[in-house]
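Take a look at the structure set out below.
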Amino acid sequence: MKLYIPTRESEYITQYFGKNSLTMFYCSACRKYYSRKGSNICPSCRKIMPLVKVYENMGLKGHNGIDWRCYYKEPIDYNCSNPGIVKMVDNDPTGGMGVEVVSYDKDTDKYYKHIAWHFIKVNVKVGDKVECGDNLGLGDTTGISTGNHDHEGVKQCNKDGTTLDYNNGYKGAIDPYQFYDMEYHARELYFMRKQIPLLYKAIEALKGLLSILKK
């Protein structure tokens, strides 16, 4: 399995797997996080909020994915070399909008769950088949986030999408960086997959036309 750059313009990773430095204000009464750049008074219940380490507060050892910087509404594409099936779509901007795709990797004989998160709009639905370069949605900063980015996560799972090794400290997530090929954007491979067969057909048609003209 290979992963490619999921954004179309941005090429910058803002946070790697395992990092544990993110702090935010947290209101336990409302169960919401707020940027440390703002007030420590909860805007909903007006209680004073403590500054917490976000990942520890969520029961994680650290960041369970890789964050790619993106622009507001930048298209985020499915970036896995293996085709997959959309197993889950979350359209709730409060918790973060995103997609989970399950794919099978024949080289390792394993199933993987691919996670893309913090969208402003999701452009696929459960059951859709997606291939590398297909658009999943538009980037934003919904959910627990401090700025526009695409959170990319990978978990090993079974065929139906149930996460394996959930108690590994990252809720089953493994470091996606080991799979990345930074040479290509996923969308570039989309055009190679879609356009090269069309170009081949055009060349064959041209050859046929030239053979007719020579007669």
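Bear in mind that the values in this text are calculations on the coordinates, not laboratory data. Small disclaimer: the values here were computed from a predicted structure and weren't measured. So basically every Cβ, Gly included, is an ideal-geometry build from the backbone, and we count neighbours across all protein chains shown.
Below are the figures for this structure:
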{"read-out": "Pair Asp175, Tyr104: separation of 7 Å Cα→Cβ label points (nm)", "value": "3.0 nm"}
{"read-out": "Helix-only CD estimate at 222 nm, as mean residue ellipticity for the chain, using -39500 (n - 2.57) per DSSP H run (n ≥ 4)", "value": "-5000 deg cm²/dmol"}
{"read-out": "Where trypsin sites (Lys or Arg not before Pro) fall in DSSP loop in segment 117-173, at most 15 other Cβ within 10 Å", "value": "Lys125, Lys159"}
{"read-out": "About the Cα centre, charge dipole magnitude for the chain (Lys/Arg +1, Asp/Glu -1 at Cβ), debye", "value": "400 debye"}
{"read-out": "With at most 16 other Cβ atoms within 10 Å, longest stretch of the chain clear of loop chymotrypsin sites (Phe, Trp or Tyr not before Pro) (DSSP)", "value": "73-165"}
{"read-out": "5 Å-binned pair-distance histogram of segment 21-60 (Cα, whole percent)", "value": "6, 29, 36, 19, 9, 1"}
{"read-out": "Fewest-first ranking of Val102, Val154, Val52, using other Cβ atoms within 10 Å as the exposure measure", "value": "Val52, Val102, Val154"}
{"read-out": "Degrees between helix 186-214 axis and first principal axis of the chain (Cα, 0 to 90, nearest 10)", "value": "10 degrees"}
{"read-out": "Distant alpha-carbon pairs in segment 67-163 (separation over 16 angstrom), percent", "value": "50 percent"}
{"read-out": "Bins of 5 Å from zero: percent of alpha-carbon pairs in the chain", "value": "1, 7, 13, 17, 18, 14, 9, 6, 5, 3, 2, 2, 1, 1, 1, 0, 0, 0"}
{"read-out": "Dipole moment magnitude, nearest 20 debye, segment 84-164 about Cα centre, only Lys, Arg, Asp, Glu C-beta charged", "value": "180 debye"}
{"read-out": "Computed P(r) (all Cα pairs; segment 1-68; 10 Å bins; percent)", "value": "19, 37, 28, 14, 2"}
